[in-house]
Amino acid sequence: MKDYREVLKSFESIAGPIKPHAEVLRRYAENLKEWDELLVKVFYDTLFSYGTSASIFREGERTEREVALKMWYRRVVSGEWDESFWEWQFRKVGFAHVIRGIPNEFILSAMSLLQRTFLEKALQEFPVEEAVRVYTAFKHITDAVATLMAAGYMYCYLEALSESTGMPPALIERHAVLLARRIYEEI
Amino acid sequence: MKALLDELVGSLNEIIAVVLTTTDGFPLGFASKIPIDAEREAAAIASLASLSTRSTDLAGIGPAEEILITSEIGRIFVYPIGELTAIGIITVRDVTTALVLLKVRQLLPEIEAELERLLGDRTGGSV
C-alpha cells in the first residue's frame, strides 16, 4: 500500500503547498466553524435525495453521519493539520468509504458539492477578495483530502486483489493497461 | 527464443500454442498454430501462475509446479519457471499430460539459458 505521505507529496508538487492555506484558514477558523450546520444540511439533503447515494445509508443513520461530518468539517477549517490529521483522512475517512462501498465518483462529487456550498456562503459573508482567499484555502485542503481518499480507495482495491490472488502490482497494472488500450482503441 | 518456442509447438501435434511470459504479464515470446492474442494470454498465464503460488502457499504444500486447466475442447498447462517467468502450453483436450511435461523439460535448459540471457541470472529454479 502506498504511504499517504507519498500521495500528499505528489499533491503538493502538482497542486501547490498546503501550509500557506492552513494559515489562511486558521485566521478565519472560528467564523468558518459556525457554517457547519448549513454545510452538513446541504450535504446530506442532497445525498439523501438521490436514490443511489441514499441507498448507502442505514435507516436512522443521518444524525450519526451529521455529527461525524460536522466534526470533520470543523477540524478541516481549523487549519491545524498534523500527521495524525492526514493519517485520519487516509486510513479512517478514506477507508470508511471502502468499507461502506461508497465509490470514488460519490466521494469526489460530494466533495465538489461541499466546496461549492462553502464558496456560496463565503461570498455571502465576506467581501469578494476575502471570500476567494478563504475559499481557495478550503478548496486546496479539501482537494488534498479528496486526493488521499481517491488514491486510498484505488490502492485498497489493488492491494486486496494482489493479496488475495498473489498477483504482483505490476501484473495488475499490466491487465489495466491491456484493458484500457482495448477500450481506447474501440472508440 | 522464438525458435525454441516453435520447436516446442512443433514437438507434439496436440500442442496448439506456447506463450512465455514474465510474472508481471509481459510476453517474452510465443508460438502458435492458430491466431492468439499473445499479450492478453501472457497476462492471463502470469495471473494463473500467481494465483497457484498464492493457493499453494496458503495450503502449505510448497511452490506450485504445474497448473492444468481442462476446458471443453482443450487444455492449458502452466509451468512457473523460477520467480520471474512462466510458460503456458495450450493443447487439445486429448493429450497425454506426462508427454507435455516431458517436452517442456526437454527444452527447459535451453529456454532457461535464453531467459538468463534476456533477464540476467534472476530466473532461479526450474520446472
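We did not get these values from a lab; they are worked out from the coordinates using the rules stated. Bear in mind the structure is a predicted one, so any value in this text is a computation, not a measurement. We place every Cβ from the backbone using ideal geometry, glycine too, and count neighbours over all the protein chains shown.
See the values below:
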{"read-out": "Packing-based order for B:43-50, A:43-50, A:11-18, using average beta carbon neighbours within 10 Å, highest first", "value": "B:43-50, A:43-50, A:11-18"}
{"read-out": "Trypsin sites (Lys or Arg not before Pro) within the stretch B:1-55, DSSP loop, no more than 13 other Cβ atoms inside 10 Å", "value": "B:K33"}
{"read-out": "Residue mean of other protein chain beta carbons inside 10 Å, B:25-36", "value": "1"}
{"read-out": "When each of A:K19/A:K92; A:K9/A:K33; A:K2/A:K139; B:K33/B:K103; A:K33/A:K92; A:K33/A:K70 is checked by Cα-Cα distance, pairs over 19 Å", "value": "A:K19/A:K92; A:K9/A:K33; A:K2/A:K139; A:K33/A:K92"}
{"read-out": "Acute angle (nearest 10 degrees) that the helix A:62-78 long axis makes with the longest principal axis of chain A, alpha-carbon atoms", "value": "70 degrees"}
{"read-out": "C-alpha long axis of helix A:104-125 to longest principal axis of chain A, angle in °", "value": "10 degrees"}
{"read-out": "Net length gained if the chain between A:R74 and A:V93 were fully extended (0.36 nm per residue, minus Cα distance)", "value": "5.4 nm"}
{"read-out": "Cα gyration tensor shape of the stretch A:128-185, rounded if a/c is under 1.5, else prolate or oblate by comparing a/b with b/c", "value": "oblate"}
{"read-out": "Cα centroid of the stretch B:53-102 to Cα centroid of the stretch B:30-48, whole Å", "value": "14 Å"}
{"read-out": "Kirkwood Rh in Å, taken over the protein assembly as shown so that all alpha-carbon pairs contribute", "value": "23.4 Å"}
{"read-out": "Shielding by partners, peptide B:52-60 (average Cβ within 10 angstrom, other chains)", "value": "2"}
{"read-out": "Estimated dipole of the stretch B:2-69 in Debye, rounded to 20 [Cβ of Lys and Arg +1, of Asp and Glu -1, Cα centre]", "value": "80 debye"}
{"read-out": "Under the span-like rule (Cα at least 15 Å along the axis, Kyte-Doolittle mean at least 0.0), DSSP H helices of chain B", "value": "B:38-59, B:97-119"}
{"read-out": "Cleavage-rule hits (trypsin sites (Lys or Arg not before Pro)) in the stretch B:58-127: DSSP loop, at most 15 neighbouring Cβ within 10 angstrom", "value": "B:R93, B:R122"}
{"read-out": "Inter-chain Cβ neighbour average for residues A:167-179, partner chain, 10 Å", "value": "6"}
{"read-out": "Cα convex hull volume per residue for chain A (Å³)", "value": "156 Å³"}
{"read-out": "Highest average packing first - B:4-12, B:21-29, Cβ atoms within 10 Å", "value": "B:21-29, B:4-12"}
{"read-out": "Cα gyration tensor category, rounded, prolate or oblate, for chain B with a/c compared to 1.5", "value": "rounded"}
{"read-out": "Angle in degrees between helix A:4-15 and the longest Cα principal axis of chain A, rounded to the nearest 10", "value": "70 degrees"}
{"read-out": "Chain B: calculated mean residue ellipticity at 222 nm from DSSP helix runs of at least 4, using -39500 (n - 2.57)", "value": "-14500 deg cm²/dmol"}
